[in-house]
Amino acid sequence: MEKYFDVGKIVNTQGLKGEVRVISFTDFAEKRYEKGNSLMLFQDQKSPIELTIKSHRKHKNFDLLMFEGFHNINQVEPFKGGTLRVSADEQHELEEMEYYYHEIIGLSVISDQDEELGKIKEILPLGSNDVWVVTKKGQKDLLIPYIKDVVKEVDLESGMVRVTLLEGMRDE
């Protein structure tokens with residue numbers, strides 16, 4: 001079975017001509033939503049639908065998309081709540097020390113003192129840098145900013161991230 005990765009969620013329609021509002025989960029919106037590109041729409045238990053992008057524009061915090069063959073609101077209304085995905089072979093090559101969210105979520109976090117801190121459960125994209133949310137057993141979540149001073153090593157093969165905790169990061 002082919003593996004797919006989320007790039008956005010359709011949250012609403014826009015106007016009457018078949019445009020949809022998308023909250024994007026991709027750092028490559030301009031490339032991902034280029035005219036002619038294909039996306040797979042996943043909705044609940046239904047089979048995925050392949051959609052070809054007709055147009056893309058930004059509006060406020062949304063990416064607005066139109067798909068070929070869908071010309072009015074009634075055709076795209078059922079898409080609300082659906083997730084847009086791409087196949088694994090459509091992912092872009094990343095630079096060194098750049099990672100996809102799905103590669104980071106679930107990794108174990110180890111301090112530079114070899115203390116196991118927990119596992120990354122979520123990534124918060126906060127403008128200048130992402131913040132990794134680390135689940136700690138019986139304690140509040142630990143927030144790790146993805147910056148050079150803190151994240152020292154990411155080893156995807158061993159499933160581990162080594163960090164240096166700066167003053168004030170521990171909430172104990």
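Bear in mind that the values in this text are calculations on the coordinates, not laboratory data. Quantities reported herein were computed from a predicted structural model and do not represent experimental measurements. All Cβ positions, even for glycine, are placed from backbone atoms using ideal geometry, and neighbour counts span all protein chains on display.
Of all residues in segment 7-24, how many are crowded, with 19+ Cβ neighbours inside 10 Å and outside any strand (DSSP E or B)?
1
Do any strands (runs of 3 or more DSSP E) lying entirely in segment 125-164 carry at least 2 residues that are within 23 Å of Phe28 (Cβ to Cβ), and which ones are they?
129-135, 151-155
List the pairs whose first member sits in segment 3-19 and is touching a residue at least 40 places away in the same chain (Cβ under 8 Å) and within 19 Å of Asn72 (Cβ to Cβ), whose second member is surrounded by 14 or more Cβ atoms within 10 Å (Cβ to Cβ) and aromatic (Phe, Trp, Tyr), and whose Cβ atoms are under 7 Å apart, counting only residues at least 6 apart or on separate chains?
Cβ pairs passing all conditions: Ile10/Phe79; Gly18/Phe70.
Just to be sure I understand the filter: pairs with C-beta atoms under 8 Å, separated by 6 or more residues or on different chains, first member in segment 96-114 and closer than 16 Å to Asp6 by Cα, second member polar (S, T, N, Q) and in a loop (DSSP other than H, G, I, E, B). Which pairs pass?
Between residues of segment 96-114 that are closer than 16 Å to Asp6 by Cα and residues that are polar (S, T, N, Q) and in a loop (DSSP other than H, G, I, E, B), the close pairs are Tyr100/Gln91.
What is the residue count in segment 85-130 for residues that are more than 19 Å from Glu157 (Cα to Cα), of a type in the set (A, V, I, L, M) and loosely packed, with under 15 Cβ neighbours inside 10 Å?
Total satisfying the criteria: 2.
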